[in-house]
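The values are calculated or read from the model by the stated rules, or taken from the named source; none is laboratory data. Just so we're clear, the structure is a prediction, and the values are computed from it rather than from any experiment. When we count neighbours, we look across all protein chains shown, and the Cβ atoms used for this are built from the backbone with ideal geometry, even at glycine.
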Amino acid sequence: MIALGAVLLTVVSLKFCVITEQLYFFEVLTLIVVFSGGEAAHAVKRFTGLYTGPYFDPTTATNITTQLGTHAYLPCKVKQLGNKSVSWIRKRDAHILTVDRYTFIADDRFQAFLVESTETWTLQVKYVQARDAGQYECQVSTEPKMSHFITLNVVVPKIEIVGEPDRFVKVGSKVELRCVITQALEEPAYIFWYHDGQRVLKYDKSAIDIQLEREAPETTISTLVIYYANPEDSGNYTCSPSNLDSSSVLLHVLNGEHPAAMQRGKNSASPIPGWSHLSVALGLAACTPPRFAIAFTLTLAMISELISY
C-alpha cells in the first residue's frame, strides 16, 4: 500500500507540474502578446501621430538677418521625411538652387547640407551680397508639394571718414582721420588704412598710429593719427574694412600756402587771368568813351590782384 501511494503521489505531482508549466507558459505568452501589442501600438502612434508623412517643424525660422559679406544659414527642419527630396528655390527668379545635397546653380556660394541630428536641411549662402536679399523656398517632393518660406534680410553697414573729402593742414600739425562704421551686426575682422594705394603700417608709434574701438553694439571706429604732418604725408587715404566698401579722403599738407589759393591753382576750369577784365572793357566801350573804359578795367584788375593776396 505504501508503494502504491508513493506512485500515485508521484503521478499527481507530475501532472501538477505539467499543468503549472502550461499555465506559466500561457501567462508568459499572454504578457508577450500584450507587451508587443502595446509597443506596436505605441510605435504606430509615434510614427503617425498627427501626420502620416513629412511635415515642417513649426518652430523653424521664417526670417533670417545677416550682414553684407558674411555667411547666411537658412534652416528647414523636416520631420518624417522618409525617401522624399528637399529642394531650395530662390523665389525672385524661381531658380532651383539645390536638390538634397546637389547644387543646380553656377554660383558656388550656394550649398545645402543636412544636420541629421536635428533633421534640418540648411541652405548656406557664402559672402552675402545685397542682391541676395529676398524669399527662399524650402520644398519637399510630396504630392502636392510642401513648401516653407524664409525671408533673408541683408544689412548693409555704412562707412565714412568724418569731415570734408579734402582736408587741409599745416606742416607739423597733428592729423586725425576717423573712419566710422555703423549698422554693422558684426565687428570687422580687420580695418586697413592705405596711403596712395600703399598700406599704412604703424612701425613708429611716435610718428603714426592706428587706433580701433567698438563704440556701440553696431558701431566701430578706426582712427589714423599722424602726429607731425609733413608734405610727404599728402595724398589719398582710404579706410578699408574686411568684406565692406571703403571710404577715402584727400589730405593736403601745406607749407605756408593758403588753401584757397591751392584750390584755385588745381582747378583746370578756372578762367584765364585777364579775360574777365577784358570782357568788362569790351562791354563798357560800347556805351562809354574808350579812355574811360580802359582806365576802369585797369583799376578793376589791380583791385582783383590785391584781393587775391
Next on the checklist: Taking the conditions exactly as written (surrounded by 13 or more Cβ atoms within 10 Å (Cβ to Cβ) and in contact (Cβ under 8 Å) with a residue 12 or more places away in the chain), does residue 89 satisfy them or not?
Outcome noted: yes
Checklist entry - Could you say whether any residue in the range 236-246 is of a type outside the set (Asp, Glu), in a strand (DSSP E or B) and over 16 Å from residue 160 (Cα atoms)? => result no
Item to check | Positions within the range 134-151 being under 16 Å from the mean Cα position of the chain (by Cα) and either of a type in the set (Val, Ile, Thr) or outside the structural domain of residue 97 (by TED's automatic domain parsing) (or both), in sequence order | outcome: 151
Item to check | Qualifying positions in the range 62-86 - hydrophobic (A, V, I, L, M, F, W, C), surrounded by fewer than 19 Cβ atoms within 10 Å (Cβ to Cβ) and under 28 Å from residue 241 (Cβ atoms) | outcome: 64
Checklist outcome for this item: Within the range 120-157, residues in contact (Cβ under 8 Å) with a residue 40 or more places away in the chain and outside any strand (DSSP E or B) come out as 126, 127, 128, 129, 130, 132, 141, 142, 156, 157
Checklist entry - If you scan the range 198-235, which residues turn out to be in contact (Cβ under 8 Å) with a residue 24 or more places away in the chain and either more than 24 Å from residue 164 (Cβ to Cβ) or within 28 Å of the chain's Cα centre (by Cα) (or both)? => result 200, 214, 218, 219, 220, 221, 222, 223, 224
Item to check | Looking only at the range 206-235, and only at residues there that are in a strand (DSSP E or B) and small (Gly, Ala, Ser), the one that is nearest to residue 159 (Cα to Cα) | outcome: 222
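This table checks each residue for (1) surrounded by 13 or more Cβ atoms within 10 Å (Cβ to Cβ); (2) within 26 Å of residue 71 (Cβ to Cβ); (3) at pLDDT below 95; (4) not basic (Lys, Arg).
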{"position": "164", "(1), (2), (3), (4)": "no, no, yes, yes"}
{"position": "178", "(1), (2), (3), (4)": "yes, no, no, no"}
{"position": "216", "(1), (2), (3), (4)": "no, yes, yes, yes"}
{"position": "219", "(1), (2), (3), (4)": "yes, yes, yes, yes"}
{"position": "231", "(1), (2), (3), (4)": "no, no, yes, yes"}
{"position": "236", "(1), (2), (3), (4)": "no, no, no, yes"}
